[in-house]
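S.K.: Structure incoming, see below.
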Amino acid sequence: MTAIFPFGYYLDVSLILVLGAMALPISRKMSVVEIPILVFLGIIIGPILHLISPGFSVYLFSSFAGVGLGMMGLVIILYSESHNMNLKVLRNEFYRIASLDTLGVIITAIVAGAVFTLLTGAPIIIGFLFGAIVSPTDPVTLIPMFKRVKVSEDISEILVGESLFNDPVGIILVSVGIALLAPDSSYVSLFSSMVKIISFYPSVFFYFIIQVAVPSVVGIAIGFAVIYLDRRIKFENYLTAMLLGLVIFEFTVFESLSITPFPAIIATGAIVGNFSDKNIFWSREQNFQESLSFLSAAVIFILIGSSFTLSEIIAYLLLGLVLTMLLIFVVRPLAVFPSIRIADLGKPRMNGYYKVVAFISLVGPRGVVPVVLSTLPYVVGIEYNIPVLVTWGPLISVSALFVVLFSIVIQTVYTPIIRNIFLPGSENGSEK
């Protein structure tokens, strides 16, 4: 039998899994969240000790089995954590989340793009592509962080809800940028086909509806269908396999149709988590998915850390740090404050309103989706011979990777501090 990987690659995978397990006790000992520990362990075994090659890390993260462990891990994490979504809180915070996921993402893409253009001299469309790529916030970072850094449920649900649902908007903006430069690309085939039929601006609107509404409806239907079938024929111990298989099926089908699968996956998990009868088999299913989610997060953050080379760190460290600081302390607040104020028009302001909004504006790490999307401009540029994408694609990719790395580390470290500054005692009550 022919081996798929050289023997050493299996040693790399075993090292990643062992280090992932070690990160939790180390973080407890240091009284910090485990995410920065995982990232730094990745940096140690990658660019510093060369125990795992950055090329193999990038391959595992973005290309393994055609989609990469990063994307598949995101699927597992989103499905698992959507079990715990409080639909009542999400309903109460719907307008804030919706405004952050539309207006907030658009503002982020435009302003971050302008910052990238000013700092690098890139064309405006390249800056917009970078801004669109880094516009989604990251549930993979926020969900475990809020298990360790306690804030009131309504605030954490705004931030987690925003991160769960803003990926489609970011992906749509990236699609628009790619379509303007490479309309024949297979990545934007659905959008380009719509433009030919109904023109550009209506296509953007209907493309958004397709990307959000269609998978959401399918995910809800699948969730209720499994609950109904289980009551009739009892899957028992095979319930875990059934749901994991269906989630992977949702991912595969929607990806093949150029539709983001995340709303379907989140909807299925939310229906299962809120409407199943919670018998022992449902509890086992949820426990298994949670364990798989923890493992996926550990692998993702180690791979992010080990994806750099020393030459990239030396050459782009300063640019990446400047971009990250501007994104955190300038771009993010400029997007959050108007988005929430518009959502709250006509509503009475509670005590400490601006402190709550300030806290939300300072918490928005980037993660898996920007890393996966960051390679797209260069890949499309090579495939369709688009010189501007070939020239600027590598800088977009490495800059996005640094933004993800620094935003994860900086924000997971300072979030407990700013929680105590802006939201003292909020873990014990509501801030609505």
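The values are calculated or read from the model by the stated rules, or taken from the named source; none is laboratory data. As the structure is a computational prediction, the values presented were derived from the model and not from experiment. Ideal geometry is used to build each Cβ from the backbone, glycine not excepted, and the neighbour counts take in all protein chains shown. Heavy atoms of the whole protein, side chains included, go into the accessibility calculation; ligands, DNA and RNA do not. Shrake-Rupley method; radii C 1.70, N 1.55, O 1.52, S 1.80 Å.
S.K.: Return the total of residues in the stretch 27-39 being modelled with pLDDT under 85 and in a helix (DSSP H, G or I).
M.R.: 7
S.K.: Also, I was wondering about something else. State the number of residues belonging to the stretch 275-293 that are in a helix (DSSP H, G or I) and open to solvent by 60 Å² or more (accessible area, probe 1.4 Å).
M.R.: Of the residues in the stretch 275-293, 6 are in a helix (DSSP H, G or I) and open to solvent by 60 Å² or more (accessible area, probe 1.4 Å).
S.K.: What's the number of the condition Leu229 fails, among (1) within 24 Å of the chain's Cα centre (by Cα); (2) surrounded by fewer than 16 Cβ atoms within 10 Å (Cβ to Cβ); (3) of a type in the set (A, V, I, L, M, F, W, C)?
M.R.: Just one mismatch for Leu229, condition (1).
S.K.: If you take just the helices (runs of 4 or more DSSP H) that sit entirely in the stretch 97-159, which of them hold at least 3 residues that are surrounded by 20 or more Cβ atoms within 10 Å (Cβ to Cβ) and in contact with a Leu (Cβ under 7 Å, 6 or more places away or on another chain)?
M.R.: Per the criteria, 105-120, 139-148.
S.K.: Contact list please: Cβ distance under 7 Å, first residue in the stretch 264-291 and under 19 Å from Val214 (Cα atoms) and free of Cβ contacts under 8 Å to residues at least 60 places away in the same chain, second residue open to solvent by less than 10 Å² (accessible area, probe 1.4 Å) and not polar (S, T, N, Q), pairs at least six apart or on different chains.
M.R.: Ala264/Pro215; Ala264/Gly219; Ala264/Glu250; Ile271/Gly223
S.K.: Continuing with the same structure: When you scan the stretch 259-269, do you find a residue that is on the phi < 0 side of the Ramachandran plot and surrounded by fewer than 18 Cβ atoms within 10 Å (Cβ to Cβ), even just one?
M.R.: no
S.K.: Sticking with this structure for a sec: For Leu74, are the conditions met, namely being touching an Asp or Glu at 6+ places or on another chain (Cβ under 7 Å), open to solvent by less than 30 Å² (accessible area, probe 1.4 Å) and not polar (S, T, N, Q)?
M.R.: no
S.K.: Just to be sure I understand, how many residues within the stretch 90-111 are closer than 25 Å to Ala297 by Cα and among the aliphatic types (A, V, I, L, M)?
M.R.: Matching residues across the stretch 90-111 total 4.
S.K.: Hey, can you tell me all the residues within the stretch 40-61 that are among the hydroxyl-bearing types (Ser, Thr, Tyr) and in contact with a Ser or Thr (Cβ under 6 Å, 6 or more places away or on another chain)?
M.R.: Result: Ser57, single match.
S.K.: I'm trying to understand the selection: among the residues of the stretch 337-374, which are open to solvent by 50 Å² or more (accessible area, probe 1.4 Å) and of a type in the set (S, T, N, Q)?
M.R.: Listed by number, the list holds a single entry, Asn351.
S.K.: Here is a check on your reading of the model: is Ile171 open to solvent by 20 Å² or more (accessible area, probe 1.4 Å) and in contact with a Leu (Cβ under 9 Å, 6 or more places away or on another chain)?
M.R.: Here the answer is yes, as Ile171 does meet what is asked.
S.K.: Can you report the number of residues in the stretch 327-371 which are among the hydroxyl-bearing types (Ser, Thr, Tyr) and at pLDDT 95 or above?
M.R.: Number of matching residues: 2.
S.K.: Considering only residues of the stretch 154-188 that are at pLDDT below 85 and among the acidic types (Asp, Glu), which is nearest to Val404 (Cα to Cα)?
M.R.: Asp167
S.K.: Being touching a residue at least 40 places away in the same chain (Cβ under 8 Å) and more than 21 Å from the chain's Cα centre (by Cα) narrows it down to one residue among Leu190, Leu164; which is it?
M.R.: Leu190
S.K.: State which residue is most open to solvent (accessible area, probe 1.4 Å) when the search covers only the stretch 294-321 and only residues that are within 22 Å of the chain's Cα centre (by Cα) and farther than 24 Å from Val67 by Cα.
M.R.: Leu321
S.K.: Of the numbered conditions (1) within 21 Å of Pro136 (Cα to Cα); (2) open to solvent by 20 Å² or more (accessible area, probe 1.4 Å); (3) at pLDDT 90 or above, Val404 satisfies every one except a single condition; which is it?
M.R.: Only one criterion in (1) within 21 Å of Pro136 (Cα to Cα); (2) open to solvent by 20 Å² or more (accessible area, probe 1.4 Å); (3) at pLDDT 90 or above is unmet by Val404, namely (2).
S.K.: Same structure, new question: Suppose we filter the stretch 48-71 for residues that are at pLDDT below 90 and part of a helix (DSSP H, G or I); how many remain?
M.R.: Qualifying residue count for the region: 15.
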